[in-house]
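Have a look at the structure below before the remarks.
The values are calculated or read from the model by the stated rules, or taken from the named source; none is laboratory data. A quick note: this is a predicted structure, and the numbers were derived from the prediction, not measured. As a convention, Cβ positions derive from the backbone with ideal geometry for all residues, glycine included, and neighbour counts pool all protein chains shown. Areas reflect the complete protein model, heavy atoms only, side chains present, ligands, DNA and RNA absent. Shrake-Rupley method; radii C 1.70, N 1.55, O 1.52, S 1.80 Å.
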Amino acid sequence: MAARRIFRTLGSLTALGRVSSPNLPVNTSGNGLASLTSDFKNGMALFSNRKLSTSILPPDDDTFPSDLLTQKTTVLTPDRTIGQYQDLVIPVTNFQNEDKGFMVLAGDVFDVPIRKDIIHNVVRWQLAKRQQGTHSTKTLSEVSGTGRKPWNQKGTGRARHGTLRGPQFRGGCVMHGPKPRSHAIKMNKQVRRLGLKIALTARAAEGKLLVFDDLALPTHKTKNIVNYYNQMEKTKKVLVVEGGPIDEKLKLATQNLHYVNIIPSIGLNVYSILLHDTLVMSRDAVDKIVERMHTPINR
């Protein structure tokens, strides 16, 4: 039941994925607008098929105008169709809200079609696999007690019994009770990997994916995280993903906050992403996640 409540968070994303982006008008009578549209489409196709997983665009790069990188501007993003495997450009900041350039997110990881059935199966697999399965009850041979027949077979007027260790007696055994076993179910690695991509795509489509240049804090005080959390809108729980070892200052600053959790990139999973409505990832964590998603699966 806990897992079903989590799946409802992806209901709006399924409808969002069906919205098609508006068609661009092409004036064939103009001088170059039709060719400009075709060149733009070809450029986007080449950009989406690149082999480079992620890249950071410094302010001195000629790819973006310098005036857009040095001043606060409002960027209008048109409605796009989710699941087109298009690379995403996202701004990079830090806990001090400083501009650190832009980062390109791989489209085959952060822009895949939303499938609620895959998310459901992956969460069931995670919850079943982490169940201990140490429950146990005693059978007739394991219950401590006498082996004597309690009374004669006939002549007493009572029901016939052969032992006091049966399930019908107090302190007796349990018939068909649980025994230690594994609750894990089988799931292909391709499906597990696809579930993580869908969860990342969902957070990116909602605008709840934040990329930081680094997760360094000036001090280990909890107020550093609390001040930044208070500036976030419509956020209840935050999951911070670090690429390498977790910084000691960050660990001390968040250990008393129940709404902020830290996890290394190697442990990022679907269930943890769905439990938190906002995902904060360092640039190193994004690179490692994309590298992991592009690594061939060993059969």
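Within the accessible area of the range 175-237, what % is carbon and sulfur when the probe is 1.4 Å and the other protein chains stay in place?
Details: 1940 of 3730 Å².
Accessible surface attributable to carbon and sulfur in the range 175-237 totals 52 percent.
Restricting to Cα pairs below 8 Å that are 6+ residues apart, what does the relative contact order work out to for the range 120-214? Please round to a whole percent. Please list the in-between numbers first.
Details: 91 pairs, mean separation 32.5, N = 95.
Worked out over the range 120-214, it gives 34 percent.
Where does each of 228-239, 153-164, 85-96 land if you order them by average Cβ count within 10 Å, highest first?
Details: 228-239: 13.0, 153-164: 10.4, 85-96: 16.5.
Taking the mean over residues of other Cβ atoms within 10 Å, the ranking is 85-96, 228-239, 153-164.
Taking H as built 1.01 Å from N, whose amide H comes closer than 5 Å to the amide H of V89, not counting residues under 5 places away?
L105
With every protein chain left in place, what is the accessible area per residue of the range 97-230 in square angstrom, probe 1.4 Å? Let's see the in-between values first.
Details: 7910 Å² over 134 residues.
Spelled out: the 1.4 Å probe surface of the range 97-230, per residue, equals 59 Å².
Net charge near L164, counting Lys/Arg +1 and Asp/Glu -1 over other residues with Cβ under 11 Å of its Cβ? Walk me through the intermediate numbers first.
Values: positive: R148, K149, R165, R170; negative: none.
Taking every Cβ under 11 Å from that of L164, the sum is +4.
Order the peptides 218-227, 242-251 from the highest to the lowest mean number of other Cβ atoms within 10 Å of their residues. Write out the running numbers ahead of the final one.
Details: 218-227: 13.6, 242-251: 15.4.
Descending packing order for the listed peptides: 242-251, 218-227.
Can you tally the net charge around D277? Count Lys and Arg as +1, Asp and Glu as -1, for every other residue whose Cβ sits under 10 Å from the Cβ of D277.
Details: positive: R203, K208, K234, K236, K237; negative: E206.
Around D277, the surrounding residues sum to +4.
Would the range 181-264 count as rounded, prolate or oblate if I go by the C-alpha gyration tensor, calling it rounded below 1.5 in a/c and otherwise prolate when a/b exceeds b/c, oblate otherwise?
Here the range 181-264 falls in the prolate category.
So what's the net charge close to H220: Lys and Arg +1, Asp and Glu -1, counting the other residues with Cβ under 13 Å from its Cβ? All intermediate terms of the calculation are to be shown ahead of the outcome.
On the way: positive: K221, K223, K249, K251; negative: D247, E248.
Taking every other residue near H220 into account, the sum is +2.
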